[in-house]
1. Any chance you could run the full-extension gain for B:GLU319 through B:THR104? It's 0.36 nm times the residue separation minus the Cα-Cα distance, nm to one decimal.
2. May I ask you to compute the full-extension gain from B:SER239 to B:LEU330, defined as 0.36 nm times their residue separation minus their alpha-carbon distance, rounded to one decimal in nm?
3. Quick one: if you take sqrt(5λ) for each eigenvalue of the C-alpha gyration tensor of region B:1-160, what semi-axes come out, biggest first, whole angstrom?
4. Hey, fewest Cβ within 10 Å first, where do B:TRP264, B:TRP79 land in order?
5. How well do other chains shield peptide B:54-67, expressed as the mean number of their Cβ atoms within 10 Å of each residue Cβ?
6. Explain nothing, just the number: dipole magnitude of the protein assembly as shown about its Cα centre with +1 on each Lys and Arg Cβ and -1 on each Asp and Glu Cβ, in debye rounded to the nearest 20.
7. Provide the three semi-axes, in whole Å and in decreasing order, of the ellipsoid equivalent to chain A as defined by the square roots of 5 times the Cα gyration tensor eigenvalues.
8. Calculate how steeply helix A:61-72 sits against the longest principal axis of the alpha-carbon atoms of chain A, using the helix alpha-carbon long axis, and give the answer as 0 to 90 degrees to the nearest 10.
Protein chains: 2
Amino acid sequence: MQTDALVIGAGPVGLFQAFQLGLLGLSVQIVDALAQAGGQCVELYADKPILDIPGIVECSGRELTERLLTQLAPLAPGWHLGHEVTGLTRRDDGRFDAVCADGTAFDAGAVFVCAGVGAFQPRRLKAPGLDGLEGRHLHYHPATDPAALARFAGRRVLVIGGDEAALLRAAALAGLPDQPPVQLMHRRDVLQADAALLARIDTLRQTGRLVFHAAQLAAARQDEAGRLLQVDLTLPDGSAHALALDELIVCQGLSPRLGPIADWGLAMERKLLVVDPATFSTSVPGIHAAGDIVSYPGKKKLILCGFHEATLAAHAAHERLRPHERGPLLYTSSSAVLQQRLGRG
Amino acid sequence: MQTDALVIGAGPVGLFQAFQLGLLGLSVQIVDALAQAGGQCVELYADKPILDIPGIVECSGRELTERLLTQLAPLAPGWHLGHEVTGLTRRDDGRFDAVCADGTAFDAGAVFVCAGVGAFQPRRLKAPGLDGLEGRHLHYHPATDPAALARFAGRRVLVIGGDEAALLRAAALAGLPDQPPVQLMHRRDVLQADAALLARIDTLRQTGRLVFHAAQLAAARQDEAGRLLQVDLTLPDGSAHALALDELIVCQGLSPRLGPIADWGLAMERKLLVVDPATFSTSVPGIHAAGDIVSYPGKKKLILCGFHEATLAAHAAHERLRPHERGPLLYTSSSAVLQQRLGRG
């Protein structure tokens, strides 16, 4: 897939990186290891108030993500969620070959690493009988938008996990019409989320739409075709409990992992990418970086600083990729070209 | 007046500069040459759409200003609008003496020059008989909030000017209850503003609440006590027209002027302040700068970049002024201290 720009990471900084690149007329593809955009904002503090985004008195991590997605939408970047870029090499012609674990490949003019603290990796479930189920009947932190949840409609689902990520998905599934009771399992009888979500879970339990198990997974069973048949749970008293099932959703936490980025030959300092604050270029020309993953004198890990970093990175890349377009800085308040790119006028 | 921080300029970057300083627990005084906050955002593109503030799909310059003022409000900085800092000297103890044209003086720990393209100066009215009227009965670009306009209630007012700034003030005055007809004068019978404002002016003319004169000011007359009595206008055909008056409002344009800032001994480059992009310190330790007035490698004159610059400037100043408070970066989403400063929890 040929593109001017490949953005790695769909957190707030990656989303604004894509916005600035698109505004400059560059084509953009976005890749993120998670199934949904938002990065840390959605995974770590989706409902926490953020009070220091300039001009936004208060917003949650989820709201900020939604605002940035809306702002980006008219520029129509390509999306590759649930993908992790594993290989990145610079070609002799100065362009880049990037490849994902599943083989998706990009031919990019410039690369933007907005990977925050790294690619979020779900904590894996370990039990006999799970081999080959992932991606088919075993789902780690699936996206929570209605379209993504629709695949679970009418299916017997067990959600494993005890915090907000698990509870949100369990509650959303239990709200689908004609859904069999959703099974929720956590190793302890203590669930952690805000009061409103806990109350929602309580109501669902009382009405029988959700069944909670304080238990641990002992094993899973598949038929010869590799379809999930049932799971065996171990209860606190040591007894066994079998659950007939179609799908397993696992939300046992996400851990960021710098992963393959560390192998791309980019200069690093304490696990951060060293960048030039004039261009936010890494040590490899054409690979830029912005957000929590970068290091430069004075760096503060604030979202608003990442917005600036992404902006200068976009301009530097634009100058390199389109030297003939060099001209005065255009403003969205006065430039018909920019307004048109954003679907105005 | 003693303060940790003196912010020069109340445009978007100055407002966010004050926000970041207040968030770090520093006391802040804000000075701006104009009668209202907003700077270029309000004076040059109050109603133009800005489309590239991260997370704000669209806002006008005026809306952005209002949002930043709301965000800043809980930190309660001191305000000095309509003031221009003329003198700034560094004392031997590392603090600063700043003084305004009217004698207002500050003893500041650090100074932040967020002056954009300079202090906006109104184009002055020239005619015999105006001496001594300014600030009493002659008002250049007065603030447009209801409280500020209240001083003109029931007064016979002539507004001079033909663009949005003049028309907005004329229309606002004509909308006051029991107001004598507002006189509007411009040298040509062509007014410039958006269609909605022009339509509003037309309606006011048709209902007699506003009277338009294509004319030029020949002279003003005062009584012995220095009260404005009348102005003499010269019509296009050379004839004279006298208007009995109480107040003169003049909106004939604003020109930015770097002014005294150029005399403070700060390193400059093409009329811009040279800053270190790690601290946004000028060449004088303790004087920082952010926004359109600064120069550093890669600088783009974008509002969102000014927000970042102001943030790093605030942190650098905080480290210098409160070295004992040095600690890990706090986040508004998790720090009770920051939330409390912003009036939450």
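1. In short, 74.6 nm is gained.
2. Length gained, B:SER239 through B:LEU330: 25.9 nm.
3. The equivalent ellipsoid of region B:1-160 has semi-axes of 27, 23, 13 Å.
4. Lowest count first: B:TRP79, B:TRP264.
5. That works out to 5 on average.
6. Around 20 debye, computed over the protein assembly as shown.
7. 41, 22, 18
8. With both axes taken from Cα atoms, the answer is about 50 degrees.
The numbers here are math on the coordinates, done by the rules we state, and not lab data. Note that the structure is a prediction, hence the values are computed from the model and not measured. Don't worry about glycine lacking a Cβ; one is built from the backbone with ideal geometry, like all the others, and counts go over all protein chains shown.
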